[in-house]
Amino acid sequence: MDAILAALVALMALAAAMAAVLSTLSKAAIFALLAVAPCLYRYRKRIYVIVKTLPRDLKFLWRYANGIIRSKRWGRQNATVAELFTQRALRCPDAPCFIVVDDRTWTFRQMAEKSNQVARVMQEHVGLKRGDVVCVFMPNCGEYVWTWLGMAKVGAVSALINSNLRHKPLLHCIQVAKAKAIIFSDSLAGAIDEVRDQLPAELKLFQLYGKCGAGVIDFGAEMEKHPPEYPVVVDKPQYKDTLLYIYTSGTTGMPKAAVLPNSKYLLVVVATVHMLGLRSSDRLYNPLPLYHTAGGLVGTGAALVDGITSVLRTKFSGSNYWTDCIKYQCTVAQYIGEMCRYLLAQPQRPTDSQHRVRIMVGNGMRPAIWQQMVDRFKVPQINEIYGATEGNANIINVDNKVGAVGFLPQLVPTCLHPIALVRTDEQGQLLRGPDGYCVRCQPNEPGMFIGLIAQGNASREYYGYVDKSDSNKKLVRDVFRAGDAAFVSGDILVADELGYLYFRDRTGDTYKWKGENVATAEVEDALIAALARRDCVVYGVSIPLTEGRAGMAAIADPERSLDLNKLARDLDLSLPSYARPLFLRIMNDIEITGTFKLKKLQYQKEGFDPDVIKDPLYFRVGADFVPITSQLFSDICNGKVKL
């Protein structure tokens, strides 16, 4: 009764207030107010959303506009990464460009001089010119950057090869690039020796540091023979010229070389600097591999173009992450989701919050640990990024929304958005409406993330892969109107009513493990070769408390004659560590029919629980596979077993 009386009193007070307001208005004003009232009521939800998201959208649009203005200016100037770096080096030659943890500092002057010598060596020995390709095969180091930067000065393309690759995948990456030379460090000379007899005879081999074998050119010694002045370039590099090949698993098969022109690299620079709100005094901590987009572009571009010092670590270390940030006074730090789990698994120590890091930027942070990262490590701003190296659809969470990978600005009409979520079936195939066009998803409805293509617009152009047939497989045409086209990410996302986007799942034949994309077809090829042509199927399975999906293979072996120890050895020789299956399921038969993909989805859903699956199950431990018991399954799921 008291509540009812209180409500009545509140309504009376509201009515009195409205009467007082109306008494001060003219008849025309009252009429106008009454006229728009139904419209306000009808669109009250939309108005609420716009008002609620206004600060976020205004911040984004302001930063986006500044970045695009700068990007377009570079386009008009026909600028390149090498040219902009050279201008920066002339302005602040003795400022630190890259600091390598526990090694040395590379100033802009040193980076410029070394890259000049690289260019001159390659001109002399290879006749390197605009459009030629050279493979770079090194671990994280300052030398890595000045090597590809030297190639960029003459307009050549650097193919950045994953330093974990060996044997067939390594050979494939070298061959698909159609490279004239490969530059590798002494620590990876053994990997080159293993494929040496299968490399083209005309391919020039350059080794940096260490004793060189027969037929290998000492890169460092050759560099010392040349002056550190800018090379003589007849055919000037252009803004739209290809700068790098970055290898990605794509959706099927061996690693694919994604084409990355100067224009896209510079777009990443403006996105990094402006969307994150970076300052000239910032220092970026980069423990990510330089052969991937996150470490090789986000982690280097701000340094090369805007002079924001980058601190490189050869390999990620959970125990040293925060102590490195403290020692080198880093204010911005990069991550991938798997790293965050390792950081939280470290024993708590005072250094957890003694750093000066104000921004963490990366991708793959699980919503379940997001707040734990903020609470424990006291990082005020986390910017989650989502995108694909080969694609044109990249988004960022600019306002710390827990779990979100980006958003769709509500101030901008949906028809003007360069990205969209569209409906799919269970296999990830796009669904079309009665008019033949794709159907946009409603709020809270999962759908395929696509990027609409607009050639001539640096932020929406699609360059795809070196192999154009692979590029076309990622395209869909006549999306929302006749003649348009879009890049299909292969990922399922969902948008809430405020436009925030959340990652749901990865479709197709790729899964992510240890921060790397794993193509199931590549793993299946390696398995089939090792299994004497037995049928098999590979997929990724989810593990509680773990980022990504771990590799699992279902193998047809009705006689149970498979030598699992030999299989483990064969896989070690043919696959990088992150692509080797952790789990095996031994079956009597695998049905290879038109419903093959559906079967794979079924196996994926069944997982590796021995209490559910009656087939023999095995888990990779060290150099062998061991049977999965109920206790082992529990230990894996509870995080007691290191993966």
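With the charge dipole of the chain set up from +1 on Lys and Arg Cβ and -1 on Asp and Glu Cβ about the Cα centre, the Cα lying farthest toward the positive end among the listed residues ASN66, GLN238, LEU431 is that of ASN66.
For region 510-638, what is the charge dipole size about the Cα centre, in debye to the nearest 20, if Lys and Arg each add +1 at the Cβ and Asp and Glu each add -1 at the Cβ? Kindly include the intermediate steps, with their values, before the conclusion.
On the way: 16 positive and 19 negative charges, 43 e Å.
The calculated dipole for region 510-638 is roughly 200 debye.
Each of LEU203, ILE419, LEU617 was scored by the projection of its Cα onto the charge dipole of the chain, and the greatest displacement toward the positive side belongs to ILE419; charges sit on the C-beta of Lys, Arg, Asp and Glu. Near the amide H of ILE419, within less than 5 Å, lie the amide hydrogens of LEU452, all on another chain or at least 5 residues away, with H placed in the peptide plane. Of the labelled options (i) 97, 69, 59; (ii) 78, 68, 52; (iii) 109, 58, 54, which one gives Cα extents along the principal axes in Å as computed for this structure? Recomputing Cα extents along the principal axes in Å here picks out (i). With the simple model of a label 7 Å out from the Cα in the direction of the Cβ, ASP570 to LYS327 spans 4.4 nm.
Think of a 1.4 Å ball rolled over the protein heavy atoms: the chain then has 44 Å² of accessible area per residue.
Between ALA201 and ALA454, the modelled labels are 5.2 nm apart [label points 7 Å from Cα along Cα→Cβ]. Give the residues of region 148-162 whose amide nitrogen is closer than 15 Å to a point set 7 Å from the Cα of VAL234 in the direction of its Cβ. Label zone hits: 154-155. Modelled spin-label separation between ASP505 and LYS315, with each label point placed 7 Å from Cα along the Cα-to-Cβ direction: 3.5 nm. FRET efficiency for the ASP102 to ILE613 pair, using the beta carbon distance and R₀ = 56 Å, is estimated at 0.75.
Considering helices alone, the calculated mean residue ellipticity of the chain at 222 nm is -11000 deg cm²/dmol, with DSSP H runs of length four and up weighted by -39500 (n - 2.57) and normalised per residue. Please work out the Cα center distance from region 216-288 to region 61-90, rounded to the nearest Å. Cα centroid of region 216-288 versus Cα centroid of region 61-90: 15 Å apart. Charge dipole (Cα centre; +1 on Lys/Arg Cβ, -1 on Asp/Glu Cβ; no other charges) of region 403-502 amounts to roughly 280 debye.
When peptides 229-239, 78-88, 260-270 are ranked by their average number of other Cβ atoms within 10 Å per residue, the highest-first order is 260-270, 78-88, 229-239. What the Cβ-Cβ distance of TRP62 and ARG91 gives, at R0 = 22 Å and to the nearest 0.05, is a FRET efficiency of 0.25.
Would you mind working out the magnitude of the charge dipole of the chain relative to its Cα centre, with +1 at each Lys and Arg C-beta and -1 at each Asp and Glu C-beta, to the nearest 20 Debye?
Values: 76 positive and 63 negative charges, 411 e Å.
Result for the chain is approximately 1980 debye, rounded to the nearest 20.
For region 394-451 and region 130-149, what is the centre-to-centre distance using only Cα atoms, to the nearest Å? Value for the Cα centre distance between the two parts: 36 Å.
The values are calculated or read from the model by the stated rules, or taken from the named source; none is laboratory data. This is a predicted model, so every value here is computed, not measured. Cβ coordinates were reconstructed from backbone atoms using ideal geometry, including for glycine residues, and neighbour counts include every protein chain displayed. Surface areas here come from the heavy atoms of the whole protein model, side chains and all, with no ligands, DNA or RNA. Shrake-Rupley method; radii C 1.70, N 1.55, O 1.52, S 1.80 Å.
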